[in-house]
Amino acid sequence: MKTGFIGLGAMGVGMSRNLHNAGLLTAVWNRTIEKSAAVQADIGVAIAETPAELAAACDIVVICVSADDDVLSVIDAILPVARPGLLVIDCSTVSSQTARTAAERLNTRGADFLDCPVTGGVEGARKGTLAIMCGGDAAVLERARPVLSAMGPTIAHMGPTGFGQAAKATNQILCAGAIQAAADAMAFAKAEGLPLDLVIETLGKGAGGSWYFVNRAPFMARESFPPGFRVRLHDKDLRICEDMAAARGVELPTVTMTRRDYATLMERGHGDEDISTLFRLRDALFQSSSR
Ligand code: NAP
């Protein structure tokens with residue numbers, strides 16, 4: 001099975017390397033050629049000149065680019081060589097509607113599409129431990145399984161096209177709630193003068209604990225927020241959640257509040273920090289209180 005990879009960003013570098021290690025990777029393409037050259041120097045893979053050249057040479061094309069318009073521009077670049085037997089797997093985080101549009105365009109030429117957004121971060125991409133949420137036809141997913149397995153052990157078929165992205169959006173809402181709760185709690189604990197490391201160790205084992213509390217409250221305790229999950233990326237994902245909920249006539253309070261907080265943080269130059277930087281805003285509430 002010849003597999004090509006498009007989008008050698010923070011995620012794509014690790015994912016393509018794992019495809020190479022599984023003996024599946026035939027060629028790569030990246031908009032900025034320097035990144036393809038670096039991957040070629042590392043693993044010796046062929047570089048395609050264009051997305052179409054890559055798709056013409058492969059049975060499966062995996063895409064991992066930034067946002068909705070970027071996915072559709074890559075799909076459009078592939079379309080002239082799309083044909084029965086070609087399968088395109090999109091691992092970017094975009095809207096369900098973009099997934100359905102991509103599938104429709106490819107289907108008109110007889111090619112197949114799966115939306116397969118991932119969770120597990122750059123570390124999961126590098127280690128091949130991503131969890132993958134899939135939307136599309138079950139039989140097509142079986143064809144994709146060897147490729148997906150090279151990138152992560154958890155492969156969940158959520159339903160038809162767009163359902164993988166809907167599951168990913170659900171995950172991003174959970175992350176927003178978890179980081180909001182952790183930031184409020186840590187600012188409160190600090191104001192009460194509690195021993196923060198002991199609070200994290202103890203409460204992290206309880207019912208109120210979460211991955212974000214256990215792993216990111218320590219950033220809050222140290223007031224240092226090195227990039228893990230950047231504010232501007234989570235904001236992009238929450239915009240997708242906001243639009244999807246709005247299409248059903250609903251505004252979700254956690255999403256609205258978190259996007260408002262992120263807008264403030266980005267204005268103040270914190271957009272490239274980890275989302276635990278939200279603590280800054282909650283800590284400031286206590287600092288500015290007169291009591
Ligand atoms: P990144 O480091 O910013 O890389 C983005 C990649 O997309 C680059 O290779 C970029 O090419 C390419 N790209 C962007 N626009 C393009 C276009 N119009 N045409 C062709 N290529 C284009 O981003 P990332 O962190 O790898 O994330 C990629 C996707 O995975 C995003 O949808 C993100 O939300 C999702 N994701 C990220 C994480 C994470 O922890 N980082 C976790 C799960 C999911 P250039 O090199 O030319 O800029």
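Just so you know, all these numbers are worked out from the coordinates, no wet-lab data involved. Note that the structure is a prediction, hence the values are computed from the model and not measured. Here the Cβ positions follow ideal geometry from the backbone for every residue, glycine too, while neighbour counts run over all protein chains shown.
Using packing as a proxy for protection, rank 106-116, 48-58 so that the peptide with the highest average count of other Cβ atoms within 10 Å comes first.
Numbers: 106-116: 21.3, 48-58: 19.2.
Ranking the peptides 106-116, 48-58 by packing returns 106-116, 48-58.
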Placed amide H near Asp112: partners under 5 Å, 5+ positions off or other chain: Gly85, Leu86, Leu87, Val88
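Using 28 Å as the Cα-Cα cut-off, could you pick out the over-long pairs in Lys2/Lys236; Lys127/Lys205; Lys127/Lys168; Lys168/Lys190; Lys127/Lys190? Please report the intermediate quantities before stating the final value.
Numbers: Lys2/Lys236 32 Å; Lys127/Lys205 26 Å; Lys127/Lys168 20 Å; Lys168/Lys190 33 Å; Lys127/Lys190 35 Å.
In this structure, Lys2/Lys236; Lys168/Lys190; Lys127/Lys190 exceed 28 Å between Cα atoms.
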Crossing angle, helix 279-288 versus the chain [Cα axis fit, 0-90 degrees, rounded to tens]: 20 degrees
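Would you mind giving the average projected area, over all directions, of the Cα convex hull of the stretch 131-181 in nm² with one decimal? The partial results should precede the final answer.
Values: hull surface 14.6 nm².
Answer in nm², one decimal: 3.6.
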Whole-number percent relative contact order across the chain, with pairs defined as alpha carbons under 8 Å at least 6 apart: 14 percent
GNM flexibility winner over the chain from Ile89, Ile33, Ile132 (Cα, springs under 10 Å): Ile33
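Can you tell me which of 243-249, 259-265, 74-80 comes out highest on packing, and rank the rest after it, using the mean Cβ neighbours within 10 Å?
Details: 243-249: 12.3, 259-265: 17.0, 74-80: 19.1.
The densest-packed peptide leads the list: 74-80, 259-265, 243-249.
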C-alpha long axis of helix 33-43 to longest principal axis of the chain, angle in °: 80 degrees
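I need the fraction of alpha carbon pairs in the stretch 7-54 separated by more than 12 Å, rounded to a whole percent. Walk me through the numbers before you get to the answer.
Numbers: 643 of 1128 pairs.
For the stretch 7-54, the share of Cα pairs beyond 12 Å comes to 57 percent.
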Computed over the stretch 166-289: relative contact order in percent, which uses C-alpha pairs under 8 Å that are six or more apart: 37 percent
Residue of Gly271, Gly152, Gly193 that the Gaussian network model of the chain assigns the largest fluctuation, springs spanning Cα pairs under 10 Å: Gly193
Inter-part distance where the stretch 213-291 and the stretch 89-124 are each reduced to a Cα centre, Å: 27 Å
10 Å binning of all Cα-Cα separations within the chain, expressed as whole percents from 0 upward: 7, 27, 31, 21, 11, 3, 0
Using alpha-carbon coordinates, inclination of helix 231-246 to the longest axis of the chain, degrees: 80 degrees
For the chain, built as a Gaussian network whose Cα springs stay under 10 Å, the top-fluctuating residue of Met257, Met151, Met133: Met257
Dmax and Rg, reported as Rg then Dmax, of the stretch 100-237 (C-alpha, Å): 18.9, 64
Viscosity 0.692 mPa s, temperature 37 °C, Stokes-Einstein D of the stretch 166-289 from Kirkwood C-alpha radius, µm²/s: 222 µm²/s
Three principal axis lengths of the stretch 3-159 [C-alpha, angstrom, descending]: 37, 32, 26
